[in-house]
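The values are calculated or read from the model by the stated rules, or taken from the named source; none is laboratory data. Since we're looking at a predicted model, the values are computed, not measured. Because the Cβ atoms are built from the backbone with ideal geometry, glycine has one as well, and the counts that use them run over all protein chains shown. Note: areas computed on protein heavy atoms with side chains; ligands, DNA, RNA excluded. Shrake-Rupley method; radii C 1.70, N 1.55, O 1.52, S 1.80 Å.
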Amino acid sequence: MTNKKTPLTLPGVSENIYAGFWLRLGSLLLDALILAPVIILILYLNSTSKNAYLITFLPNLAFVVWYRVYLVKKYGGTPGKLIMGIKILKIDGSDVTLKEAILREIVTLCLTVFVSIVTILSLMKASEAYYDSLSWLTKQQYIASLSPVLFLVYTWLSNLWTYGELIVLLFNKRKRAIHDFIAKTVIVRSLYIDKLRATMAEEDMQPIPIKS
C-alpha cells in the first residue's frame, strides 16, 4: 500500500491538470448523446407491456455495468470522458483496475438496482389492461403512484447523492467527487498524464533529507 498522491500542479503547466465541473459535465452530455439511441429503444420496449420491463431488466443492468465499469477498467474512462480528453487514474497515478472501476459506481449501481426493484414490485401490482391502455408518460406516472413512498425515497437519495457529489467536487484541489474518494481515484487531463507520472517518478528518486 502506498500513500503517494498525484501532485496538485506540474512544472511549467499553468492550467489545472484535473478535470473540473465543466469537463465532467461535457463528458456526461457526450455519454448521454452516445447512449440516446439505446435509451430510447429501452424506453420503447419497456412501454410495450408489463412483462417487457421484467425481460429487459438484467440485460439493461449488464449494459450499464459494461459501459460504466468495464470500459473504465479497460480504457480509463467512458467514451464521453475519453472524447473530452480526460482519464481516470488511481490517486497514486497508476491506471485503474476493476476494483476502482466498481467502487466508483457502487452507489449509483445500488440506486439503480433499488429503483429497478421498486419498479418491478409496482408493475406486479399494476392492472395489465389499464397499463396497456395508457400512453408512455402516463404509464410512468401510474407505476410511480403504486409505490409513492419508495419512489420518493429513491428521489431523495438520488438528489442527495448528486448534490453531495457536486459540492465535494467544487471544494477540493484535485477536483475529486465523493465516488473518487471512495475509489481513491482522480480524473486528469490526458494531455498531462505522461508528465505527471514522470514528475512523480523523479520525486521518488530524490534522496530523503537526513535530519541533523
With axes computed from alpha carbons, what is the tilt in degrees of helix 21-48 against the longest principal axis of the chain, rounded to the nearest 10 within 0 to 90? 20 degrees
Which angle between 0 and 90 degrees, to the nearest 10, do you get for helix 148-170 versus the longest principal axis of the chain when only C-alpha atoms count? 20 degrees
Inter-centroid distance (Cα atoms) of region 88-159 relative to region 183-202, Å: 34 Å
Long-range lysine pairs (8 or more apart or interchain), region 1-102, Cα under 17 Å: 13
Tell me which chymotrypsin sites (Phe, Trp or Tyr not before Pro) from region 120-179 have a DSSP coil assignment and no more than 10 other beta carbons within 10 Å of their own. Phe171
Solvent-accessible area per residue, Å², over region 74-113 with all protein chains present [probe radius 1.4 Å]: 43 Å²
Please give the helix 136-146 orientation as an angle from the longest Cα principal axis of the chain, in degrees from 0 to 90, rounded to the nearest 10. 90 degrees
Counting only protein heavy atoms and using a 1.4 Å probe, what share of the accessible area of region 130-186 belongs to carbon plus sulfur, as a whole percent? 72 percent
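On the protein heavy atoms, probe 1.4 angstrom, tell me the percent of accessible surface of region 1-126 carried by carbon and sulfur. If you can, show how the numbers build up before the last one.
Numbers: 4930 of 6840 Å².
Carbon and sulfur together cover 72 percent of it.
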Under a plain spin-label model, where a point goes 7 Å from the Cα along Cα-to-Cβ, how far apart in nm are Phe57 and Ile83? 3.2 nm
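Only Lys, Arg, Asp and Glu count, each charged at its Cβ (+1, +1, -1, -1), so figure out the dipole size of the chain about its Cα centre, rounded to 20 debye.
Dipole size: approximately 400 debye.
For region 14-121, which GluC sites (Glu not before Pro) are both in a DSSP coil and crowded by at most 10 other Cβ atoms within 10 Å? Kindly include the intermediate steps, with their values, before the conclusion.
Values: sites: Glu15, Glu100, Glu105; in loops: Glu15.
Those satisfying the criteria are Glu15.
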Could you check the simple spin-label distance between Val168 and Ser49, using points 7 Å along Cα→Cβ, in nm with one decimal? 4.3 nm
Under the rule rounded for a/c under 1.5, else prolate if a/b exceeds b/c, else oblate, using alpha carbon gyration tensor axes a ≥ b ≥ c, the chain is classed as prolate
Could you compute the FRET efficiency for Leu10 and Leu109, with r as their C-beta to C-beta distance and R0 at 41 Å, rounded to 0.05? 0.75
